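Before any comments, here is the structure.
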Amino acid sequence: MHKILIALLFLACSSCNNGDSATAAMKDTAASSQTIHTNISDAVVTNKQPIMLNGCYQMAQKRDTATLSLALKDSTITGNLQYNLYQKDRNIGSLKGVLRGNTIYADYRFQSEGTTSVREVVFKIQDSVLLQGFGELTEKNGKVVFKNKENLQFQTTNPFHKVACP
C-alpha cells in the first residue's frame, strides 16, 4: 500500500512538472510568435495574396485627387496624406496609426487655411487598393472621430491605387 501511495505521489508531481513545462513551452511559443510579428515590416496578406503596403497611393476622380504615402513597421503606420478636392481648401498633413487585420486606423494631422486639425481616417485594404471609410463624425477631445466604426462605408468608386512615389 505504501508503494502505491508513493507511486501515485510521483505521478502527481510528474504531471505538475509537465504543466510547468507546458506553460513554459506556451510562453516560448508566444515569444517566438511575437518575434515573428515584430520582424514583419511591410507586407499584408489579403485573400491569400501578400500586398506590399509601403509606398505611394493616389485617388483621382474627375477634378478631385488625393495622394497618400505609407510606411508600415510592425503594426504601426506612418505617412503623409494630401487632399486636393475641387473648390475646397487643400489639406496637407501626416498620418500615424495602426494596422489591424486588413484595416488601417490612423490620426490625420493636417493644415487647412492656416489651422491645424486632427481627424480620424480609416482605410480598408481590398485586393491591391485602399478604400477610404466614411461615416458619421463627432468631436472628441479636440479630434474629429467616427461615431461608430462598425458602421463605416468603404467607397469602392474612388479607391487609392498604388503609384510610383515622386
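So which residues in region 98-108 are outside any strand (DSSP E or B) and either in contact (Cβ under 8 Å) with a residue 24 or more places away in the chain or in contact with a Gly (Cβ under 9 Å, 6 or more places away or on another chain) (or both)? Matches in region 98-108: N102 only. Applying a threshold of 8 Å to beta carbon distances and a minimum spacing of six or more residues, or different chains, the list of pairs starting in region 120-137 at a residue that is farther than 20 Å from N80 by Cβ and ending at one that is of a type in the set (S, T, Y) reads Q126/T46; Q126/T156; D127/T46.
Scanning region 70-97 for residues that are in a strand (DSSP E or B), touching a strand residue (DSSP E or B) at 6+ places or on another chain (Cβ under 8 Å) and farther than 22 Å from K143 by Cα gives A71, L72. From the list N102, N91, the one residue that fits, being under 16 Å from A71 (Cα atoms), at pLDDT below 95 and either assigned by TED's automatic domain parsing to the domain that holds A71 or not basic (K, R) (or both), is N102. Scanning region 52-69 for residues that are surrounded by fewer than 14 Cβ atoms within 10 Å (Cβ to Cβ) and either among the polar types (S, T, N, Q) or not in a strand (DSSP E or B) (or both) gives Q61, K62, R63. Annotation: of all residues in region 119-137 being more than 14 Å from the chain's Cα centre (by Cα) and aliphatic (A, V, I, L, M), the one that is surrounded by the fewest Cβ atoms within 10 Å (Cβ to Cβ) is L137.
Before we move on, is A66 of a type in the set (G, A, S) and under 16 Å from the mean Cα position of the chain (by Cα)? Walk me through how you get there before you give the answer.
On the way: of a type in the set (G, A, S): yes; under 16 Å from the mean Cα position of the chain (by Cα): no.
In short, no.
Number of residues in region 109-147 that are closer than 25 Å to H161 by Cα, in a strand (DSSP E or B), modelled with pLDDT of 95 or more and not hydrophobic (A, V, I, L, M, F, W, C) equals 6.
Name the residues in region 138-147 that are surrounded by 10 or more Cβ atoms within 10 Å (Cβ to Cβ) and touching a residue at least 12 places away in the same chain (Cβ under 8 Å), would you? Passing the criteria: K143, V144, V145, F146, K147.
The values are calculated or read from the model by the stated rules, or taken from the named source; none is laboratory data. All values derive from a computational prediction rather than experimental measurement. Cβ coordinates were reconstructed from backbone atoms using ideal geometry, including for glycine residues, and neighbour counts include every protein chain displayed.
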